[in-house]
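J.: Just passing along the structure, written as structure tokens.
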Amino acid sequence: MKFLDDLPRFLFFTGKGGVGKTSVACASAVRLADAGRRVLLVSTDPASNIGQVFGLTVGNAITPIPSVPGLSALEIDPEAAADAYRERIIGPLRGTLPAEEIEGVTESLSGSCTTEIASFDEFTELLTGGAASRGYDHVIFDTAPTGHTVRLLQLPGSWSEFLTAGGDASCLGPLSGLERHKATYANAVQALTDPSRTRLVLVTRAQRSALDELERTYAELAEIGMPEGYVVVNGVLPDSAGTEPLTAAVRRREAAALAAMPPRVSALPRDVVDLRPENVVGVDQVRALFSPAAPVPAGERDPGDVPLDGAGLSALIDEIERDGRGLVMCMGKGGVGKTTVAAAVAVRLALRGHEVLLTTTDPAAHLAQTLDGGGLDNLTVSRIDPGAAIRAYRERVMAAKGKGLDDEERAALAEDLMSPCNDEVAVFHEFSRAISESRRRFVVIDTAPTGHTLLLLDATGSYHREVTRQMGDGAGFVTPLMRLQDPALTKVILVTLAETTPVLEAEELAADLRRAGIEPWAWVVDGSIAAAEPASPFLRRRARNELDQIERVRREAERVAIVPLLAEEPVGVARLAALSESIPQRA
């Protein structure tokens, strides 16, 4: 593997959700540890699954991997990091300040901004020689899906600029040592942009959307000075998968995508990793990831022996349509097909004559690619663009709060609005607007991958608590969270693949939603090989591996739709409409 040659101390894996960053990061960590290096594997994804890959609980503390001497892992848990961060600030104040002042400090540290600050504080400590990373030859970062990671890697520079300009922010806490923050963030920027210390590895699949996003990511990271990158094309269908029509179609699709690879990233050093017949779970499978996939012998049990009697998307859309309007949110792990499912639902509702808004909260969205330039008169497509949302938010606040201020006061307000804290608030405001639109038409939201969406929901919860505190229990009001909690107004669809990790993460997301008072309405299993009824032993092995996960989804969900793997990508209005009407069933 070229990307592992002459390796510097820090290694970053990034890419679109679902491309296999965690698998590639774990395999790299195991290979280095097997070679005698001391390795720390760190997940910056709020929905990390490193522990699932190795079959143990990792969490927000450095945990040795017993089966791989020399390897330890850490999952930066946003909530645990935020709790520890708040305690570091509030603890010394107890007994020195009046209770009401401590309550005010606690309130200022209760929002999603503090959660984000705490997470990337841990990240920057690892980059700048903090105690946690000392003694390791290599620190490998398995990052969140692209949009969240770009935000994370931009934050040290954003905060460094903001603090250097003299800015202040309540989420950094009073008496918290702004000079220390400035030095830490400046050092983090130096580490990220030094190729002798940091290597960027861009993981992708041989798919048009993933490759296009790879180019966007590379361009954005180049703007902040990240070093030249390496490309890993993961999960390419091997020759050993056979020559049936389905495999032949997938190979043509992959070859066409790689041939059209954007020039800027096609020139980077590239490695190709085969798709495996088994899920990459467990140390043995992780160790084998970089080896060629071996042929699967004939005689695999036919997955058709187990009924796949879930409905298609059409049955779900029929039920959604009965309300005449409302909010549909497609949620789940990156790369499981949320965008395709959201677009298929929106297209079918629009074709049935309804006014539909299809939008996304994903910073790395590709709705336009999924629709492939197609459109319908009563279908509006938009994107909650974080950059545009932030600019609009600052303009609104300046117009409202800045009215009547003198020049010095307006300058101070403008400076405060440059704080990165305001970014999540701005996106939340646009998210709230989309929710309110569902009172008069259908709104279908393609959400960001799980971790980023949970942060957005955290902001929604913070706003609800603040409104409740200000208005009082007896007042009449409706917050965005209350709309999300009302099943008559909102239908949450969890999208997953029939694989261990996506299903586990969907279960965890369902539990998080229930704790917020939001009940998932339906599950969709997308891209099912078993539902496609493959012929080759290789694909039948993968299909057989799906069956337990499909049964697991059925036990969890009241409504389940199964969408088969298709020979052609469901891109464009016609194919999306056909996808939503397909009903794979077996007697």
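J.: If you check Pro277, Pro245, Pro295, which single one turns out to be more than 23 Å from the chain's Cα centre (by Cα) and crowded, with 21+ Cβ neighbours inside 10 Å? Give the steps one after another, and end with the answer.
T.: On the way: Pro245 fails: crowded, with 21+ Cβ neighbours inside 10 Å; Pro295 fails: crowded, with 21+ Cβ neighbours inside 10 Å.
One residue alone meets the criteria, Pro277.
J.: Also, I was wondering about something else. Within region 221-234, can one find any residue that is farther than 30 Å from Thr124 by Cβ, assigned by TED's automatic domain parsing to the domain that holds Ala27 and at pLDDT 90 or above?
T.: As a first pass, look at region 221-234 and keep what is farther than 30 Å from Thr124 by Cβ: 233.
If we keep only those that are assigned by TED's automatic domain parsing to the domain that holds Ala27 too, we end up with 233.
Still in the running and at pLDDT 90 or above: 233.
Taking every residue of region 221-234 in turn, at least one turns out to be farther than 30 Å from Thr124 by Cβ, assigned by TED's automatic domain parsing to the domain that holds Ala27 and at pLDDT 90 or above.
J.: Moving on. Residue by residue through region 81-106, note down the ones that are modelled with pLDDT of 75 or more and under 23 Å from the mean Cα position of the chain (by Cα).
T.: Of everything in region 81-106, just one residue is modelled with pLDDT of 75 or more and under 23 Å from the mean Cα position of the chain (by Cα), namely Asp83.
J.: Cβ-Cβ distance below 7 Å, separation of 6 or more or different chains: which pairs start in region 220-241 with a residue that is over 30 Å from Arg276 (Cα atoms) and end on one that is of a type in the set (Val, Ile, Thr) and modelled with pLDDT under 90?
T.: Matching pairs, first to second residue: Glu220/Val150; Leu221/Val150; Gly225/Thr193; Met226/Thr193; Pro227/Thr193; Pro227/Thr198.
J.: Also, quick follow-up: Mind checking whether some residue in region 195-209 is crowded, with 17+ Cβ neighbours inside 10 Å, part of a helix (DSSP H, G or I) and either outside the structural domain of Arg9 (by TED's automatic domain parsing) or modelled with pLDDT of 85 or more (or both)?
T.: Filtering region 195-209 for residues crowded, with 17+ Cβ neighbours inside 10 Å gives 198-209.
Retained after the next criterion (residues that are part of a helix (DSSP H, G or I)): 208-209.
With the extra rule that they be either outside the structural domain of Arg9 (by TED's automatic domain parsing) or modelled with pLDDT of 85 or more (or both), the set shrinks to none.
Taking every residue of region 195-209 in turn, none turns out to be crowded, with 17+ Cβ neighbours inside 10 Å, part of a helix (DSSP H, G or I) and either outside the structural domain of Arg9 (by TED's automatic domain parsing) or modelled with pLDDT of 85 or more (or both).
J.: If you don't mind, another one. Go over the candidates Arg270, Arg276, Arg287 one by one and state the one that is among the basic types (Lys, Arg), touching a helix residue (DSSP H, G or I) at 6+ places or on another chain (Cβ under 6 Å) and closer than 30 Å to Ala35 by Cα.
T.: Numbers: Arg270 fails: touching a helix residue (DSSP H, G or I) at 6+ places or on another chain (Cβ under 6 Å); Arg276 fails: touching a helix residue (DSSP H, G or I) at 6+ places or on another chain (Cβ under 6 Å).
The match here is Arg287.
J.: Still on this structure, please answer the following. Hey, can you tell me all the residues within region 107-142 that are part of a helix (DSSP H, G or I), charged (D, E, K, R), modelled with pLDDT of 65 or more and within 21 Å of the chain's Cα centre (by Cα)?
T.: Asp121, Glu122
J.: Turning to a different aspect of this structure: Here is a check on your reading of the model: is Ala259 more than 30 Å from Arg197 (Cβ to Cβ), over 26 Å from the mean Cα position of the chain (by Cα) and free of Cβ contacts under 8 Å to residues at least 40 places away in the same chain? Spell out how you get there, then give the answer.
T.: On the way: more than 30 Å from Arg197 (Cβ to Cβ): yes; over 26 Å from the mean Cα position of the chain (by Cα): yes; free of Cβ contacts under 8 Å to residues at least 40 places away in the same chain: yes.
Answer is yes for this residue.
J.: I've got another one for you. Sort through Leu221, Leu237 and tell me the only one that's surrounded by 19 or more Cβ atoms within 10 Å (Cβ to Cβ) and either within 26 Å of Ile529 (Cα to Cα) or among the hydroxyl-bearing types (Ser, Thr, Tyr) (or both).
T.: Working: Leu221 fails: either within 26 Å of Ile529 (Cα to Cα) or among the hydroxyl-bearing types (Ser, Thr, Tyr) (or both).
The conditions single out Leu237.
J.: Which one is modelled with the lowest pLDDT among residues in region 380-402 that are farther than 15 Å from Thr339 by Cβ and not in a helix (DSSP H, G or I)? Explain how you work it out, then say what you get.
T.: Restricting attention to region 380-402, the residues satisfying the condition of being farther than 15 Å from Thr339 by Cβ are 380, 385-402.
Checking the rest, the ones that are also not in a helix (DSSP H, G or I) come to 380, 385, 402.
On the way: Thr380: 89, Asp385: 69, Gly402: 81.
The selected residue is Asp385.
J.: Also: So which of Leu289, Leu349, Leu308, Leu327 is under 23 Å from Arg544 (Cα atoms) and at pLDDT 90 or above? Walk me through how you get there before you give the answer.
T.: Numbers: Leu349 fails: under 23 Å from Arg544 (Cα atoms); Leu308 fails: at pLDDT 90 or above; Leu327 fails: under 23 Å from Arg544 (Cα atoms).
Going through Leu289, Leu349, Leu308, Leu327 in turn, just one is under 23 Å from Arg544 (Cα atoms) and at pLDDT 90 or above: Leu289.
J.: Search region 58-90 for residues being small (Gly, Ala, Ser) and assigned to a strand (DSSP E or B), and hand back the single one that is surrounded by the fewest Cβ atoms within 10 Å (Cβ to Cβ). Before you say what the answer is, go through the steps one by one.
T.: Here is the first cut: in region 58-90, the ones small (Gly, Ala, Ser) are 59, 61, 67, 70, 72-73, 80-82, 84.
Those left that are additionally assigned to a strand (DSSP E or B): 72-73.
Details: Ser72: 21, Ala73: 27.
Applying the filter and picking the extreme gives Ser72.
J.: Quick one: in region 497-548, of everything that is aromatic (Phe, Trp, Tyr) and outside any loop (DSSP other than H, G, I, E, B), which residue is nearest to Asp486 (Cα to Cα)?
T.: Quick first cut of region 497-548, residues aromatic (Phe, Trp, Tyr) only: 521, 523, 538.
Okay, now just the ones that are also outside any loop (DSSP other than H, G, I, E, B), so 523, 538.
Working: Trp523: 18, Phe538: 44 Å.
My answer is Trp523.
J.: Oh, and also: Considering only region 214-273, state which residues are of a type in the set (Val, Ile, Thr) and in a helix (DSSP H, G or I). Walk me through how you get there before you give the answer.
T.: Restricting attention to region 214-273, the residues satisfying the condition of being of a type in the set (Val, Ile, Thr) are 217, 224, 231-233, 236, 243, 247, 250, 265, 272-273.
Thr217, Thr247, Val250, Val265, listed by residue number.
The values are calculated or read from the model by the stated rules, or taken from the named source; none is laboratory data. Everything numeric here is computed off the predicted structure, so don't read it as measured data. Virtual Cβ from ideal backbone geometry, glycine too; neighbours counted across all protein chains shown.
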